[in-house]
Amino acid sequence: MYDWLGDASHNEATVVTANRRLARVLRQQFNQQQVAAGHKAWAAPAIDSWRDWLTRALRSADIQASLPTFISQHQSQLLWERCLAKELPDAGQSIQGLVRLSQEAWQRLADWQVSIREVARSAQSDDQRLFARVAGRYLKILEHEHWVDDAGLGALLLDTIVAGHVEVSGAYTFAGFDRPRPIETALHDAILAMGGTVQIAPSRRHRHQ
């Protein structure tokens, strides 16, 4: 099922998965492959979920002092609540649902490398204009405090790689990304430009067709 895993996990190679569940599955599969091959001990492969890989790669950057401070999901939620309350002081309990929707939209914009300025310029409805104002307020706080949230990790790593502050000259295999987002493609290109190699693991869905 995962015949490619042995080759993708050799030496300093890194496997990056679409989610943590797949990362756990691949680690289990790798261990089973080693047992089946008769090995009694082996080095743990570098298999990370997308978010964990972004975080680990940024921690390896040689400019730690100048990188933004990462804020947790909970801290991000509180910040969204604060920004929404400024625009919707009478929202009450419904603000929690708006926080979730705002975070999802914010993540989607980051994945597709769409700036909030583009959203504001193209907004055609009151809801779109409201989101643009709230997100603009949110972004302003992040920039002022020198913070980065989950959604901003991909762009931050991309900029750090392009500036030559992260070593990415090894081999990388990306697994489980059925529809690559622009931020993923941009990171693939940055790795290649810095002398690394990029492979896409075979899709189980395509193999079964």
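Checking each residue in the stretch 15-57 for being modelled with pLDDT under 95 and among the polar types (S, T, N, Q) picks out Q28, Q29, N31, Q32, Q33, Q34.
Scanning the stretch 124-148 for residues that are touching a Phe, Trp or Tyr at 6+ places or on another chain (Cβ under 8 Å) and surrounded by fewer than 17 Cβ atoms within 10 Å (Cβ to Cβ) gives I141, W147.
Scanning the stretch 1-14 for residues that are buried (at least 17 other Cβ atoms within 10 Å of the Cβ) and modelled with pLDDT under 85 yields Y2, L5, A8, S9.
Only one entry in A57, A44 is among the small types (G, A, S) and either surrounded by 13 or more Cβ atoms within 10 Å (Cβ to Cβ) or touching a residue at least 24 places away in the same chain (Cβ under 8 Å) (or both), namely A57.
Mind listing whichever residues of the stretch 34-57 are assigned to a loop (DSSP other than H, G, I, E, B) and touching a strand residue (DSSP E or B) at 6+ places or on another chain (Cβ under 9 Å)? Result: P45, single match. Identify, please: which residue in the stretch 153-187 is touching a strand residue (DSSP E or B) at 6+ places or on another chain (Cβ under 7 Å) and aromatic (F, W, Y) and is, among those, farthest from Q73 (Cα to Cα)? Out of the qualifying residues, it is Y172. Among the criteria (1) within 30 Å of D126 (Cβ to Cβ); (2) out of contact with any Phe, Trp or Tyr (no Cβ under 8 Å at 6 or more places or on another chain); (3) touching a residue at least 12 places away in the same chain (Cβ under 8 Å), the one R27 does not fulfil is (1). Scanning the stretch 64-74 for residues that are surrounded by fewer than 12 Cβ atoms within 10 Å (Cβ to Cβ) and in contact (Cβ under 8 Å) with a residue 24 or more places away in the chain yields T69, Q73. The one condition from (1) modelled with pLDDT of 95 or more; (2) more than 14 Å from the chain's Cα centre (by Cα) that I95 does not meet is (1). Among the residues examined, F174 qualifies as aromatic (F, W, Y), crowded, with 17+ Cβ neighbours inside 10 Å and within 19 Å of W50 (Cβ to Cβ).
The values are calculated or read from the model by the stated rules, or taken from the named source; none is laboratory data. In this text the structure is predicted, and so the values were computed from the model without any measurement. In this analysis, Cβ positions are derived from the backbone assuming ideal geometry, glycine residues included, and neighbour counts consider all displayed protein chains.
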